[in-house]
Amino acid sequence: MTDQLVERISQALRVVIDPELGENIIDLGFIYDIAAAGGAVRIKMTATTPGCPATSFLREGAQAAASAVPGVVSADVTMTFAPAWTPDLIAPAVRASLGFAAVN
């Protein structure tokens, strides 16, 4: 059941769009971890840089999206910048559409 809840949360997070890159936070590789236990959810995520002006927007969007998933009682979203985000974390199809070179 926990794996199913984590998958539903992951899908819900796709509605959160980075306003600068125009893609969702899952495909951009901003979500580092989703953990769920008894309806309590912990999400560890990042943004492109520590000074990203969209950091609060992204964190609040992730919390709202996760909280809306049936079975979620609480959602705690923590921003981290370790490890640092790189374009290598972007899903390959999205990376190509954004004009980033392929990862070798």
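Here are the numbers:
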| item | result |
| --- | --- |
| Matching residues in the range 28-42 - criterion: being surrounded by 17 or more Cβ atoms within 10 Å (Cβ to Cβ) and within 8 Å of the chain's Cα centre (by Cα) | L28, G29, F30, I31 |
| Among residues of the range 54-88, those that are over 10 Å from I43 (Cβ atoms) and surrounded by fewer than 17 Cβ atoms within 10 Å (Cβ to Cβ), counted | 19 |
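Each value in this text was obtained by applying a stated rule to the coordinates, not by laboratory testing. If you're wondering where the values come from, they're calculated on a predicted model, not measured in any experiment. Positions of Cβ are backbone-derived with ideal geometry, glycine not excepted, and every protein chain shown enters the neighbour counts.
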